[in-house]
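Enquirer: A single structure is presented below for examination.
The values are calculated or read from the model by the stated rules, or taken from the named source; none is laboratory data. In this text, all values refer to a predicted model and were calculated from it rather than measured experimentally. Reconstructed Cβ throughout: ideal geometry from the backbone, glycine too, with neighbour counts over all protein chains shown.
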């Protein structure tokens with residue numbers, strides 16, 4: 001049930017992504033393309049402390065439902081937007097959806113799955129979400145081409161409603177629930193970050209930058225090398241991600257989270273470097289496939305690791321902390337890549353080299369952290 005709800009939710013907002021740059025251009029704001037994803041991630045990031053606290057106090061299900069409701073209403077409002085300002089404002093509102101639903105889904109899953117199966121379970125949930133992310137652009141593109149943009153927005157809303165209906169059938173797992181009060185909206189410093197998961201947050205920040213850059217730049221980059229079907233590029237990323245998620249999650253349960261993350265960060269470094277020097281559709285397809293595989297390994301492993309490190313009482317906070325850094329990385333990646341490109345194809349190189357460098361830094365950080373952990377473990381055994 002969780003996987004079905006995740007699939008529908010991610011399909012709902014991802015079906016809009018390939019068409020939004022052209023939609024914004026039609027409104028007269030081509031220079032603001034970098035804000036399409038970055039504004040979305042800003043509000044997602046801002047809402048994370050609230051969703052984490054709500055998941056720990058009120059329950060996992062309400063958090064899932066709130067996110068899907070926001071997604072539903074935001075999609076219904078896009079056809080009514082006629083100005084660049086209105087569009088950007090709506091992207092801000094829409095971002096609240098991903099600030100809530102994934103937090104609730106992940107916290108719920110961690111409640112019902114034993115620790116030694118956590119990586120595999122996160123991989124399965126991530127696979128469902130990735131299928132939604134893959135199907136979304138394909139469905140959205142087909143609907144937009146055959147029935148128009150307005151109908152695509154309405155279809156997105158229907159998917160969001162369906163995700164709510166599915167999750168209504170699961171039982172709440174939070175045993176010590178408190179009523180929904182104004183206390184949920186009072187965020188203290190301790191609610192912003194769970195210190196136990198800081199290592200996962202840093203790795204997420206460094207690797208998520210490339211995600212924001214890729215999803216902002218790839219449609220235009222693909223067009224510049226002769227690829228007309230924008231959804232095809234997102235499809236390659238998703239298929240590659242799907243092919244490794246379950247295996248990577250299970251491998252992280254067996255061989256450790258750090259080992260899998262080190263492999264994925266190297267893959268991401270190579271993929272971004274190949275994008276930087278790529279000049280043909282074939283180059284782009286190879287690089288984007290490698291990137292999809294890297295992303296498919298990173299996401300479930302980091303989620304499982306963050307859940308491992310979190311205090312049982314503050315699991316929602318730990319998960320929301322990781323997502324905050326994810327949105328921060330995606331937002332910075334999307335915004336900075338938009339500024340770097342500035343509608344000039346010659347600037348693609350700089351964007352991808354920057355992403356490659358940050359992924360390499362993540363790899364180095366993991367090695368340093370592993371060495372420190374090993375030394376500390378040796379001292380404790382002596």
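Enquirer: Are any residues in the stretch 104-119 in a helix (DSSP H, G or I) and surrounded by fewer than 22 Cβ atoms within 10 Å (Cβ to Cβ), and if so, which ones?
Expert: Hits for the stretch 104-119 are 111, 112, 115, 116, 117.
Enquirer: Now, a different point. What are the residues in the stretch 331-356 that are within 30 Å of residue 308 (Cβ to Cβ) and modelled with pLDDT of 85 or more, if any?
Expert: 332, 333, 355, 356
Enquirer: Somewhere in the stretch 212-225, is a residue in contact with a helix residue (DSSP H, G or I) (Cβ under 6 Å, 6 or more places away or on another chain) and not in a helix (DSSP H, G or I)?
Expert: Yes, the stretch 212-225 contains at least one residue that is in contact with a helix residue (DSSP H, G or I) (Cβ under 6 Å, 6 or more places away or on another chain) and not in a helix (DSSP H, G or I).
Enquirer: Going through the stretch 130-139 one residue at a time, which ones are modelled with pLDDT of 85 or more and buried (at least 24 other Cβ atoms within 10 Å of the Cβ)?
Expert: 132, 136
Okay, residues lined up against (1) surrounded by fewer than 24 Cβ atoms within 10 Å (Cβ to Cβ); (2) within 12 Å of the chain's Cα centre (by Cα); (3) farther than 22 Å from residue 31 by Cα; (4) without any contact (Cβ under 8 Å) to a residue 60 or more places away in the chain:
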{"residue": "303", "(1), (2), (3), (4)": "no, yes, yes, no"}
{"residue": "309", "(1), (2), (3), (4)": "yes, no, yes, no"}
{"residue": "323", "(1), (2), (3), (4)": "no, yes, yes, no"}
{"residue": "327", "(1), (2), (3), (4)": "no, yes, no, no"}
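Enquirer: Same structure, new question: Mind checking whether some residue in the stretch 267-290 is out of contact with any helix residue (DSSP H, G or I) (no Cβ under 9 Å at 6 or more places or on another chain), surrounded by fewer than 20 Cβ atoms within 10 Å (Cβ to Cβ), free of Cβ contacts under 8 Å to residues at least 40 places away in the same chain and in a helix (DSSP H, G or I)?
Expert: Checked against the condition, which is being out of contact with any helix residue (DSSP H, G or I) (no Cβ under 9 Å at 6 or more places or on another chain), surrounded by fewer than 20 Cβ atoms within 10 Å (Cβ to Cβ), free of Cβ contacts under 8 Å to residues at least 40 places away in the same chain and in a helix (DSSP H, G or I), the stretch 267-290 yields at least one hit.
Enquirer: Output the residues belonging to the stretch 311-321 that are surrounded by fewer than 17 Cβ atoms within 10 Å (Cβ to Cβ) and either under 19 Å from residue 99 (Cα atoms) or touching a residue at least 12 places away in the same chain (Cβ under 8 Å) (or both).
Expert: 311, 313
Enquirer: Of the residues that make up the stretch 235-254, is at least one assigned to a helix (DSSP H, G or I), closer than 19 Å to residue 17 by Cβ, modelled with pLDDT of 85 or more and more than 19 Å from the chain's Cα centre (by Cα)?
Expert: Looking for residues that are assigned to a helix (DSSP H, G or I), closer than 19 Å to residue 17 by Cβ, modelled with pLDDT of 85 or more and more than 19 Å from the chain's Cα centre (by Cα), one finds none in the stretch 235-254, hence no.
Enquirer: Among 185, 215, which is on the phi < 0 side of the Ramachandran plot, at pLDDT below 85 and within 22 Å of the chain's Cα centre (by Cα)?
Expert: Every option except 215 fails the conditions.
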